[in-house]
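J.: Below are the structure tokens for one structure; questions will follow.
The values are calculated or read from the model by the stated rules, or taken from the named source; none is laboratory data. Keep in mind the model is a prediction, meaning the values are calculated, not measured. Note: ideal-geometry Cβ built from the backbone for every residue, glycine included; neighbour counts use all protein chains shown. SASA here: full protein model, heavy atoms, side chains in, ligands and nucleic acids out. Shrake-Rupley method; radii C 1.70, N 1.55, O 1.52, S 1.80 Å.
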Amino acid sequence: AGLTIDKAGNLYGTTSTGGANGSGTAFKLAVPTVAGGSWTESVLRSFGAGTDGATPVAGVTLDESGNLYGTTSAGGTYGYGTVFQLKPLASGWTENILHDFTLGTDGGIPYAGVTLGGKGILYGAATDGGGGTNGRGGTVFELTHGSGGWTFNVLSVLSGWDVSGTFRDLLVESGKIYATTHCDGTDRDGTVYELTLANGTWTYTSLYQFSGGLDGFYSFSNLVSDKAGNLYGTTAYGGSGGAGVAFRVAP
């Protein structure tokens, strides 16, 4: 998983295994207090105790108040993962579970983390479940915060097969969401897709479907964009050498 940095230069991340329960951790690396000094690691959470989440795959997201947000791919009340918040208190960090996945219409087994959008909304994706056209292609979801707590809402249900959905963090910008899928699509080799928000509704558009040949297949990648609106990512396999490609999807 990648690292997140705060304004003071401290780093935050996760491990998928290890910790007190063997099911992963969230940790902090504190910036050295003197030039050339050592970084100091502290474990903020050891996952896997009781109905706590387990096995985080993605990193964490930091908000302006210093809270951390992330997902676990397993554990939770139903065993299909969670969305969690880690909140810094004077006595240490405390965990709040924002959603327990059921592998139903909400999805399950989220390998992607969450992305912080405008108005403090969290956007994420689950790789499985959802009950789409082919049963279990995963979901794209949001979590909004109000006076009554956090509300989970599915924005789109993907139409793939078991654990075929989005593996990496969403790209959220200008009222649109962009992402890849692992083995969704006509040839089951993965896709690049877009969700567009208009009048309160998110509309799904397939931007590209991988064929499994020279264009590559099985994208576990997140996407990045440039000023012209081009999207860039990678596939794990395919291409002229069979070991994957770096690709661009142009508008």
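J.: Given R₀ = 30 Å, FRET efficiency for T201-A250 by Cβ-Cβ distance, to 0.05?
T.: 0.70
J.: Going 7 Å from the Cα of N96 in the Cα-to-Cβ direction, what parts of region 65-84 have a backbone nitrogen less than 11 Å from that spot?
T.: Answer for this model: 67-68.
J.: Could you derive backbone 3J(HN,Hα) for region 54-61 from the dihedral phi with the Karplus parameters 6.51, -1.76 and 1.60 (θ = phi - 60°), listing whole Hz in sequence and x where the residue is Gly or Pro?
T.: Each residue of region 54-61 in turn: 8, 6, x, 9, 8, x, 10, 10 Hz.
J.: Apply the Karplus curve 6.51 cos²θ - 1.76 cosθ + 1.60, θ = phi - 60°, to the phi angles in region 204-218 and return the couplings in whole Hz, x for Gly and Pro.
T.: 7, 9, 7, 8, 7, 10, 5, 9, x, x, 5, 7, x, 7, 6
J.: Alpha carbon centre of region 26-104 versus region 164-200: separation in Å?
T.: Region 26-104 and region 164-200 have Cα centres separated by 25 Å.
J.: Also: Only Lys, Arg, Asp and Glu count, each charged at its Cβ (+1, +1, -1, -1), so figure out the dipole size of the chain about its Cα centre, rounded to 20 debye.
T.: Using Cβ point charges on Lys, Arg, Asp and Glu, the chain gives about 300 debye.
J.: I need to check one value: relative contact order of region 51-138, counting alpha carbon pairs closer than 8 Å and at least 6 residues apart, in percent. Write down the numbers at each step before the final one.
T.: Working: 232 pairs, mean separation 20.2, N = 88.
Answer for region 51-138 is 23 percent.
J.: Here is a follow-up. Just to confirm the filter: which GluC sites (Glu not before Pro) across region 36-132 are DSSP coil and have at most 16 other Cβ within 10 angstrom of their Cβ?
T.: E64
J.: Treat every Asp and Glu Cβ in region 85-190 as -1 and every Lys and Arg Cβ as +1, leave all other atoms uncharged, and give the resulting dipole magnitude about the Cα centre to the nearest 20 debye.
T.: 260
J.: Let me ask something else. With a cut-off of 8 Å between alpha carbons and a minimum separation of six or more residues, what is the relative contact order of the chain in percent?
T.: 9
J.: Ok, one more. Please report the accessible area of D106 (heavy atoms, 1.4 Å probe, ligands and nucleic acids excluded) in Å², nearest 10.
T.: 10
J.: Rounded to the nearest 0.05, what FRET efficiency is calculated for T151 and S65 with R0 set to 22 Å and r the Cβ-Cβ distance? Spell out each step's value before the answer.
T.: Working: r = 19 Å, r/R0 = 0.86.
Calculated transfer efficiency: 0.70.
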